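Let me begin by presenting the structure, written as structure tokens, before commenting on it.
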């Protein structure tokens, strides 16, 4: 089931990427718009690069915090299990 989801996501990204590349190529070679279109394109690319960078930073912070939470949970459970095992050996 998961493999199908990954395939669908990969196909969707390829289609969106192809559309984006086609749009960029179309704008770059549009004869009427010239420098203005290229400047707009550059501005949009810079904007989306900044946006993606912010999202990547946010996701990395989220994953770091999640991993730290999991580490805490596992550590707590191990301490609890070790304590229970030691208590059973004492009795």
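Here, each number is a calculation from the coordinates, and none is a lab measurement. From a predicted model like this one, the values you see are computed outputs, not experimental measurements. Note that we place each Cβ from the backbone using ideal geometry, even for glycine, and neighbour counts take in every protein chain shown.
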* Structure fact -> Asserting the computed 222 nm helical MRE of the chain (DSSP H runs at least 4 long, -39500 (n - 2.57) per run, divided by residue count, to nearest 500) equals -34000 deg cm²/dmol
* Does anyone have the angle between helix 2-28 and the longest principal axis of the chain? Alpha-carbon axes, 0 to 90°, nearest 10? -> 30
* **Cα gyration tensor shape for the range 50-91, rounded if a/c is under 1.5, else prolate or oblate** => prolate
* residue 48 to residue 72: FRET efficiency via 1/(1 + (r/R0)^6), r the Cβ-Cβ distance, R0 25 Å, to the nearest 0.05? -> 0.10
* To do: Rounded, prolate or oblate: pick one for the range 18-60, where a ≥ b ≥ c are the square roots of the eigenvalues of its C-alpha gyration tensor, a/c under 1.5 means rounded, and failing that, prolate if a/b is larger than b/c, else oblate.
  => oblate
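With the Cα gyration tensor of the chain giving a ≥ b ≥ c as the square roots of its eigenvalues, does the rule (a/c under 1.5 for rounded; else a/b larger than b/c for prolate; else oblate) give rounded, prolate or oblate? The partial results should precede the final answer.
Numbers: a/c = 12.37, a/b = 3.01, b/c = 4.10.
Here the chain falls in the oblate category.
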* To do: Compute the long axis of helix 34-90 from its Cα atoms, compare it with the longest principal axis of the Cα atoms of the chain, and write down the angle in degrees, 0 to 90, nearest 10.
  => 10
